[in-house]
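Reading through the structure tokens given below for one structure.
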Amino acid sequence: MVGNDWDVVIVGAGPTGGRAATHLASLGHSVLMLEEHQEIGRPFQCAGLVTPKAMHEVELYDSVLQEIDGARIHGPDGTLVPVGTSGKLRTYVVCRKQFDQGVVQQAMQAGATLSLNSTPLEATANDDGVFLKIQIDGATKEIKTKLLLGCDGAHSWTRRNFKMGRPKEMMIGFQTEVLGYEGKERWLEMYSGSEIAPGFFSWVIPSGFGSHRIGVWSTPDRLDGKSVEDCYEDLLNHPLWKHRFENITETARYCGPIPSGMVKKTVSNRVMLLGDAAGMAKPTTGGGIGPGFRQIKGILKPLSEAITADRLNEKQLHKLSIKHFTTMKKDQDKARALRNLLVSDTTDEELNKHFTNFAKEEVLELINEIGDIEKPVPLGLALIKKVPAFRRLALRAGTRLMFR
Ligand SMILES: Cc1cc2nc3c(=O)[nH]c(=O)nc-3n(C[C@H](O)[C@H](O)[C@H](O)COP(=O)(O)OP(=O)(O)OC[C@H]3O[C@@H](n4cnc5c(N)ncnc54)[C@H](O)[C@@H]3O)c2cc1C
């Protein structure tokens with residue numbers, strides 16, 4: 001039976017909702033997670049890359065399908081830039097179902113309650129709390145909470161219900177799971193070029209047991225009427241790389257949105273958005289698990305104190321979150337500006353020139369020294385400052401970083 005009165009109700013039991021629930025329940029708050037599906041971790045729309053930092057936080061090593069040492073990045077004309085060192089782990093590939101279930105299980109072990117097959121139908125907030133009408137297994141029920149956390153993903157109901165804006169960019173990702181691709185062990189591949197992933201890249205990621213995840217992502221404006229599935233087909237038939245895909249057999253297909261660019265209004269009276277609901281995915285990689293974890297962790301202490309004191313109006317939530325959220329937003333904006341400068345807003349010709357420079361030994365050394373999937377900005381800036389060929393971009397970079 002789901003109780004009527006909660007400290008925190010979380011809409012969405014994905015990784016962000018599960019992690020927020022674990023933290024808040026561990027601090028003694030009563031927490032209810034509402035999950036619309038009958039099962040955690042389904043449907044699955046993810047390449048499954050989890051950074052070591054995020055993994056060390058939850059220690060769900062059982063969900064790891066494959067360890068990755070580096071990325072072999074291909075320019076539009078085929079120039080290869082290998083980033084990473086064999087034997088030195090860079091990131092993990094997980095089974096998202098197992099990972100999400102593990103995160104949510106940790107929340108339940110910490111004392112949070114999970115209600116499956118459950119969605120909010122209505123929610124209104126006032127000085128006394130948030131009053132929700134919810135549906136559980138088809139039956140409606142009214143509950144009250146001090147704080148409502150919207151962790152309900154890219155198309156967040158919470159965000160729409162409380163009119164909290166939209167993420168700056170909504171990328172579209174398409175992915176298949178295949179057998180029969182022969183890549184380098186423990187390395188993922190990234191392919192670039194306007195035909196196969198306009199402004200972005202496509203990926204082939206080993207996912208254990210001889211299987212690979214092949215994906216493409218881009219933004220609707222850059223696709224110019226084409227679908228991401230068309231881009232995927234163009235990758236498979238690309239003259240430079242088609243031989244690699246000759247023997248693959250698809251076992252699954254997925255398509256999903258990737259919201260990147262923090263919404264203007266992350267808080268409202270007694271309501272806060274976290275993770276994909278707030279537009280937290282990285283503009284450079286589309287990774288959203290790490291940012292969701294970081295977002296809640298950075299405000300935990302003041303948020304817990306505010307819940308205890310029931311000081312949760314918009315002004316109070318804004319005050320306790322503004323510093324941390326602004327830092328995250330600035331990082332995201334800088335990463336997007338650099339991505340646009342170096343990759344997304346370039347022609348294939350310019351990108352080929354960049355790849356020729358990336359592939360030089362001294363530049364590769366720099367990339368391997370400073371390159372960190374979690375922090376692309378220091379690498380981008382170092383490239384612009386230290387590599388003569390990129391110096392002419394410095395002025396443009398400076399302007400973009402200052403004004404975006
Ligand atoms: C093709 C693709 C590849 C990706 N690859 C990666 C990757 O390799 N690494 C990475 O870190 N990220 C990746 N991402 C992004 C990643 O999937 C998300 O950023 C991450 O899942 C965000 O977690 P979240 O908990 O905020 O949201 P979600 O994982 O979307 O979880 C939201 C939860 O809320 C539930 N929900 C939604 N609406 C309601 C409602 N009204 N009521 C109740 N429950 C609701 C959903 O069922 C879901 O369980 C990828 C995305 C795509 C599309």
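The values are calculated or read from the model by the stated rules, or taken from the named source; none is laboratory data. Everything quoted here is computed from the prediction, not taken from an experiment. Note that each Cβ is placed from the backbone with ideal geometry, even for glycine, and that neighbours are counted across all protein chains shown.
Couple of notes before you dig in:
- Whichever residue in segment 9-30 is within 14 Å of the ligand (Cβ to nearest atom) and of a type in the set (Ser, Thr, Tyr) and, among such residues, is surrounded by the most Cβ atoms within 10 Å (Cβ to Cβ): Thr16
- Selected residue (criterion: surrounded by the most Cβ atoms within 10 Å (Cβ to Cβ)) from residues of segment 235-265 that are within 14 Å of the ligand (Cβ to nearest atom) and among the β-branched types (Val, Ile, Thr): Ile258
- Qualifying residue in segment 331-347 (condition: out of contact with any Phe, Trp or Tyr (no Cβ under 9 Å at 6 or more places or on another chain) and under 17 Å from His74 (Cα atoms)): yes
- Complete set of residues in segment 337-368 that are modelled with pLDDT under 90, assigned to a helix (DSSP H, G or I) and among the charged types (D, E, K, R): Glu361, Glu362, Glu365
- Of the strands (runs of 3 or more DSSP E) lying entirely inside segment 1-115, the ones with 1 or more residues being assigned by TED's automatic domain parsing to the domain that holds Cys151 and closer than 17 Å to Gln295 by Cα are found at 5-11.
- Strands (runs of 3 or more DSSP E) enclosed by segment 122-232 - at least 2 residues per element that are closer than 20 Å to Gly75 by Cα and under 21 Å from the mean Cα position of the chain (by Cα): 187-191, 202-206, 211-218
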